[in-house]
Amino acid sequence: SVADDDLGDDKRDAYDTLHTVLVTLLRLAAPLLPLLTDELHDGLVGGASVHLCDWPDADALPADPALVAAMDRARAVCSTALGLREDHGLRTRLPLRSMTVAGTDAATLTALAELVRSEVNVKELDLTPDASAVGTFVLRPNAKVLGPKIGGDVARRCNLSMVELEPI
């Protein structure tokens, strides 16, 4: 039960979040499903009907933009890593020894490192701000896409552009 004292803080927070989401969803769905939402709301909250509650205010809900940004970054890292595993034919169930995330904002993943490790199934996650120590950026134009846009001699134009983009 949620009232038990043996629940950890993370589990209690998860139940609290789930409760908040369900009550808010019931308030939003009340005009569309009046009888069902009233019954569910009574089971969750008790007391007054869901139809007597105020419409949910988005500004009143807790928000943490930094956490949202960090989770978006973690999701992008996991998606990229899982895509690379698929490209190389490595099953997700196969644990990898290590993975390195490089970039100026890699440190934002420190709090979510365990989540990324478990999602990607790696034993060690290295976060480094120096991307040049891990790899290099290469620009490879897609001639099939550029051909219709810039016309004729795509290869010559791309080679001229590459000369202009060489690092100083």
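The values are calculated or read from the model by the stated rules, or taken from the named source; none is laboratory data. The structure displayed is predicted, hence computed values, not measured ones. When we count neighbours, we look across all protein chains shown, and the Cβ atoms used for this are built from the backbone with ideal geometry, even at glycine. Accessible surface is based on the protein model in full, side chains and every heavy atom, while ligands, DNA and RNA are left aside. Shrake-Rupley method; radii C 1.70, N 1.55, O 1.52, S 1.80 Å.
Brief remarks on what is shown
- Annotation note: of 61, 52, the sole residue that is loosely packed, with under 13 Cβ neighbours inside 10 Å and either touching a Ser or Thr at 6+ places or on another chain (Cβ under 9 Å) or closer than 18 Å to residue 127 by Cβ (or both) is 61.
- Here residue 110 does not fit the description of being open to solvent by 80 Å² or more (accessible area, probe 1.4 Å) and modelled with pLDDT under 90.
- Number of the exception - residue 13 against (1) within 29 Å of residue 120 (Cβ to Cβ); (2) outside any helix (DSSP H, G or I); (3) at pLDDT below 90: (2)
- With respect to the conditions (1) surrounded by 12 or more Cβ atoms within 10 Å (Cβ to Cβ); (2) in contact (Cβ under 8 Å) with a residue 12 or more places away in the chain; (3) out of contact with any Asp or Glu (no Cβ under 6 Å at 6 or more places or on another chain), residue 94 falls short on a single one, namely (1).
- In the set (1) under 21 Å from the mean Cα position of the chain (by Cα); (2) loosely packed, with under 10 Cβ neighbours inside 10 Å; (3) of a type outside the set (Phe, Trp, Tyr), residue 46 fails one condition alone, (1).
- Only listed residue being charged (D, E, K, R), assigned to a helix (DSSP H, G or I) and under 21 Å from the mean Cα position of the chain (by Cα), chosen from 85, 93: 85
- Residue 7 being at pLDDT 95 or above, touching a helix residue (DSSP H, G or I) at 6+ places or on another chain (Cβ under 8 Å) and open to solvent by less than 80 Å² (accessible area, probe 1.4 Å): no
- Qualifying residue in the range 47-57 (condition: among the polar types (S, T, N, Q), modelled with pLDDT of 90 or more and over 22 Å from residue 18 (Cα atoms)): no
- The range 116-145, subset surrounded by 15 or more Cβ atoms within 10 Å (Cβ to Cβ) and in contact with a helix residue (DSSP H, G or I) (Cβ under 6 Å, 6 or more places away or on another chain), residue nearest to residue 92 (Cα to Cα): 120
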